[in-house]
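Enquirer: Can you keep this structure in mind? I'll have questions shortly.
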Amino acid sequence: MGESIRALCEAPAGQKEVLQGNIAFAVGCVRGGIHAADGYPGTPSSEVIDRGLSEVQDLIHVDWSVNEAVASAVGVGHTLAGRDCVVTMKIPGLFQAGDIFTSGASFTQKRGGLVYYIASDFTPSSTQHVVDPRYLFKSCFIPVFEPRSHQELHESAAIAVEIARQYNTQVVILPNGNLCHSEGLINLMEPLHRDPVEMPDSLKDFNVFPAFARKHYDTTMSERVPALQEMVESSPLNIWEKGSGKMGVVTAGMSDLYVREVREALGLDFDILSLAWTNPLPMDLITEFYHSIDGDVYVIEDGYRFIQEAMMQAGLHPIGKDAFSNLTEWTPALVAEKLGKPVTHNKVDVQPIPRPPSFCAGCPYRLFAQEVALLRKKKQVGTVFGDIGCNGLLYFLNALDTGLAMGASEGQRIGYVMDKPEEAARCLTVVGDSTECHTGMDATRNAVYRNVPGVKVILDNSWTGMTGAQPTPTSPVNLSGQPMKFNLPASLRAHGANVIEVGAYDRKGLRAALKSALEEAAKGAYTTIVVQEGVCIQKAQKSTQRVYVDPEVCKKCGACLVCPGIEADENGVPHVTNMCTGCGGSSPACVQMCPTGVLHAVDLKDLKRQSMPEYPVPTARFAEKDMAVKDMPERISVAIRGVGGQGNLFFGAVLSKLAFLAGYDKKNIIKGETHGMAQMGGPVISTFACGKTFSPVFLPGTTDCLIVMEKSEVLRPDFLAQLKPGGIVLMADTAIVPIGFPKEQYPADEQIFANLKGYKTILVDVLGKALELGDSSGRVANVVMMGVLSTVNPFDRIPEAAWIEALRQVNAKPSIWAANAAAFQAGREVVKNARVIA
């Protein structure tokens, strides 16, 4: 990521950086003088603590709590000590913390500032619903700040805590998930210091007895709400940009960037009222803006119709979403269409292949999935009640049915078997260890308390895997590195449950454990819990273990093909792929699936694969005079499509450094990334733009170059439409077929190329070149593609030395920089013989 978090927190004010939104916020917490942060992992908010504040624990008190309700209470506790605290979560976490949140909203006494950072995901990309929480915030009478840019997100903690202290209220920062996960150019804010609030000796006034609640409500209505209304009406953070006055747009949050992108790209003339505060709304300002427009006024906002309905209730008639609109999150294309300027484009006539998110290669859950699928095939298990997290991916392997909320699976099973007692021995509850500690243990206690027979399986991988492997009570250490003392199996036994412990990579043991548990359930035993233990592969030790089968003895039955780390060649013989992790050194799942026992574990060196040679470290260094480029365009943009795990994030990081070297830091640099479930083997897209640009989501027809790291991904809806006239497509000659998808249904090259007519496309075998370089993982394939990119217009205007320097700035370790430089040069050479498809 370039600068370390510590360096960013301590750097001079005004220093320019390109930061992910969550990291910009985290750095802003420290520079803004926030004392503490707490939270629970939840995409798209996790990086604030995980990749940000956890790195500077001597500068801010920070930790994870077991769930959002506890984190919120911890936050309240900090404020009662007179300190300021930020609590992070996603929108579903808000509702899990609902009791704490709504009760705390009523406090009207002086205290430290409490700021809730609640990341939205209205698409949704990795969230189970699209509920608009602003209606709840309104009923709680608390101010809501919706950041509109990475700069504003960087400064938002300091802004919010000042409001919290001044008006004796908790404050919500509600950032759009795309803002959280995209990256943008910011100027580091001035460091601030804030003394603790002097608190009374007694905290007895901080209570929620009915009499206290009545008093707090009356104070809220008579003092806080009028003061907040006056504040938002006069806030300099609201922006009114005047045009000709013939058309107007009221917007807020990240939608502001989409509106500006459309206005700039299409050269439109309209006035903009961009709101910083969406509760309370500055209705006098909105009304004044509305009446100043001699034409239509549009509302562009996330979620449902919160601003639009407020305007309608005030007797105004804006144009926004229909009452039953299914639109919850805008894009520049949708904004252009709403404003009467739709962007038309051709559509592909071949459907892209489905890529459901999948377990990582070597995931400890994979054998469990195989065993449950087998039990279902034998009709021994019917319904499987699922949870939120990595275990939810069992759905795509026919090993799970329902999903509701974190910790809800066991409660569902209880209700189900109470009505269908004959199903008690034919259904399973599945939950992850972090989710069991989050809220699942309540239902475990409920099942024991009510003597409900059945089987609950806790997939214990020791970390919160789906959101990036954050620590949980079952982890070996907590966030600060202290050893954990919590023992999950012992806790479950203390509850009164019968517990069976089995290893995740022990297929026979798993089968025996499930059989025993189901038999006990048939006898009426209550809550037999199978704890499957196996460390999340993201945290497992790096292993050189791989697998091999002699082609002469292999039956080519395909039974071992259960993981993206292994695939069959053109003759049907399995071999490891560049994604193989060796199951972290445990007994490989694919080996245990082989019915004839001919597939066996070997060491990587035994496969006689070429190891990555030592490449010479580049000696020439970039100097400013090398960037004597006067004819660079006002805007450069790239969109990259691929499959999770191909290194799109690294690609974007290098382009950001390159933009700095090319002088675009004087304008703007922005990147967009796909995060969440789509990264786990699903389709991903990254965007990059610098210069005269606003949004990480592009308007169709404005992108200079499309890069396709997996060739069928070019068929994703609206991707080719991003290319501007005269633009170019760089396509890797790489096919990645999802597990279980019939190879014969993968689009033929002729079908793909037929949809590229009219586009200049260069087909390059970047993965093959990476393997030639000795990279058995194929991970430098993206750097080979960078070399290709450096040869096409307008990227060929940037000196080669600048590309090499950008690679160094992203990873300066000599061996890695040398390997990346070699891959880059290989890309510049291989393109000379690449196939061009017109």
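Enquirer: Checking LYS379 against (1) outside any helix (DSSP H, G or I); (2) in contact with a strand residue (DSSP E or B) (Cβ under 9 Å, 6 or more places away or on another chain); (3) not small (Gly, Ala, Ser), which single condition isn't satisfied?
Expert: Status for LYS379: all satisfied but (2).
The rows are residues; the columns are (1) closer than 25 Å to GLU713 by Cβ; (2) open to solvent by 50 Å² or more (accessible area, probe 1.4 Å); (3) free of Cβ contacts under 8 Å to residues at least 24 places away in the same chain.
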| position | (1), (2), (3) |
| --- | --- |
| ILE319 | no, yes, yes |
| ASP322 | no, yes, yes |
| SER325 | no, no, yes |
| THR331 | yes, no, no |
| ASN346 | yes, yes, no |
| ASP349 | yes, yes, no |
| PRO352 | yes, no, no |
| PRO357 | yes, no, no |
| ALA361 | yes, no, no |
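Enquirer: Follow-up question, since we're still on this one. How do the pairs read when you match residues in region 279-297 that are free of Cβ contacts under 8 Å to residues at least 60 places away in the same chain and under 20 Å from VAL144 (Cα atoms) with residues anywhere that are open to solvent by less than 40 Å² (accessible area, probe 1.4 Å) and part of a loop (DSSP other than H, G, I, E, B), using Cβ under 7 Å and keeping only pairs 6 or more apart or on different chains?
Expert: Going by the 7 Å Cβ cut-off, the qualifying pairs are PRO282/ASN238; LEU285/ASN238; THR287/LEU316.
Enquirer: From the set of residues in region 273-314 that are in a helix (DSSP H, G or I) and of a type in the set (D, E, K, R), which is nearest to SER325 (Cα to Cα)?
Expert: The qualifying residue nearest to SER325 (Cα to Cα) is GLU309.
Enquirer: Only residues that are open to solvent by 50 Å² or more (accessible area, probe 1.4 Å) and at positive phi: list them for region 380-436, please.
Expert: Result: ASN398, single match.
Enquirer: Among the numbered criteria (1) surrounded by 24 or more Cβ atoms within 10 Å (Cβ to Cβ); (2) not in a strand (DSSP E or B), which single criterion is violated by ALA13?
Expert: Here ALA13 meets the rest and fails (1).
Enquirer: Now, a different point. Give me the helices (runs of 4 or more DSSP H) completely within region 171-239, filtered to those with at least 3 residues that are free of Cβ contacts under 8 Å to residues at least 60 places away in the same chain and over 29 Å from the mean Cα position of the chain (by Cα), ordered by residue number.
Expert: Here the list reads 210-219, 225-234.
Enquirer: Restricting to strands (runs of 3 or more DSSP E) lying wholly in region 35-101: which have 1 or more residues that are buried (at least 24 other Cβ atoms within 10 Å of the Cβ), small (Gly, Ala, Ser) and touching a residue at least 24 places away in the same chain (Cβ under 8 Å)?
Expert: 36-39
Enquirer: If the requirement is being in contact with a Ser or Thr (Cβ under 6 Å, 6 or more places away or on another chain) and modelled with pLDDT under 90, which of these qualifies: ILE837, ILE739?
Expert: ILE837
Enquirer: When you go through ASN168, ASN178 one by one, which is the residue that is out of contact with any Leu (no Cβ under 8 Å at 6 or more places or on another chain) and on the phi > 0 side of the Ramachandran plot?
Expert: ASN168
Enquirer: Select from region 784-825 the residues that are under 19 Å from ALA623 (Cβ atoms), surrounded by fewer than 16 Cβ atoms within 10 Å (Cβ to Cβ) and basic (Lys, Arg) and list them in ascending order.
Expert: Selection gives ARG797 alone.
Enquirer: May I ask you to list pairs of residues, at least six apart or on different chains, whose Cβ atoms are under 6 Å apart, with the first in region 497-514 being of a type in the set (Lys, Arg) and the second being in a helix (DSSP H, G or I)?
Expert: These pairs meet every condition: ARG507/LEU367; ARG507/GLN592; ARG511/GLU371.
Enquirer: Now, a different point. For the list (1) surrounded by 21 or more Cβ atoms within 10 Å (Cβ to Cβ); (2) closer than 15 Å to VAL766 by Cα, I need the number of the one condition that ARG828 fails.
Expert: The number of the failed condition is (1).
Enquirer: If you don't mind, another one. Restricting attention to region 754-783, and to residues there that are more than 14 Å from ASN833 (Cα to Cα) and of a type in the set (Asp, Glu), which single residue is least open to solvent (accessible area, probe 1.4 Å)?
Expert: ASP775
Enquirer: While we're looking at this one, here's another question. If we keep just the residues of region 676-735 that are at positive phi and small (Gly, Ala, Ser), which is most open to solvent (accessible area, probe 1.4 Å)?
Expert: Looking at residues that are at positive phi and small (Gly, Ala, Ser), I get GLY726.
Enquirer: Also, quick follow-up: Can you tell me which residue is farthest from ALA164 (Cα to Cα) among those in region 243-258 that are surrounded by fewer than 17 Cβ atoms within 10 Å (Cβ to Cβ) and in contact (Cβ under 8 Å) with a residue 40 or more places away in the chain?
Expert: LYS246
Enquirer: Within region 607-616, is there a residue that is out of contact with any Leu (no Cβ under 8 Å at 6 or more places or on another chain), outside any helix (DSSP H, G or I), free of Cβ contacts under 8 Å to residues at least 24 places away in the same chain and not hydroxyl-bearing (Ser, Thr, Tyr)?
Expert: Scanning region 607-616 turns up at least one residue that is out of contact with any Leu (no Cβ under 8 Å at 6 or more places or on another chain), outside any helix (DSSP H, G or I), free of Cβ contacts under 8 Å to residues at least 24 places away in the same chain and not hydroxyl-bearing (Ser, Thr, Tyr).
Enquirer: If you don't mind, another one. Hey, does region 10-18 have a residue that's touching a residue at least 24 places away in the same chain (Cβ under 8 Å) and closer than 22 Å to LEU174 by Cβ?
Expert: Scanning region 10-18 turns up no residue that is touching a residue at least 24 places away in the same chain (Cβ under 8 Å) and closer than 22 Å to LEU174 by Cβ.
Enquirer: Sticking with this structure for a sec: Applying the selection to region 540-566, what residues are in contact with a strand residue (DSSP E or B) (Cβ under 7 Å, 6 or more places away or on another chain) and open to solvent by 70 Å² or more (accessible area, probe 1.4 Å)?
Expert: THR544, TYR548, listed by residue number.
Enquirer: What are the residues in region 390-425 that are basic (Lys, Arg) and either touching a residue at least 60 places away in the same chain (Cβ under 8 Å) or outside any loop (DSSP other than H, G, I, E, B) (or both), if any?
Expert: Across region 390-425, the qualifying residue is only ARG413.
Enquirer: For region 143-162, enumerate the residues that are assigned to a helix (DSSP H, G or I) and polar (S, T, N, Q).
Expert: Passing the criteria: GLN151, SER156.
The values are calculated or read from the model by the stated rules, or taken from the named source; none is laboratory data. This structure is a prediction, so every number in the text was calculated from the model and none was measured. With ideal geometry, Cβ positions are generated from the backbone for all residues, glycine too; neighbour counts draw on all protein chains shown. These area figures cover heavy atoms from the full protein model, side chains too; ligands, DNA and RNA do not enter into them. Shrake-Rupley method; radii C 1.70, N 1.55, O 1.52, S 1.80 Å.
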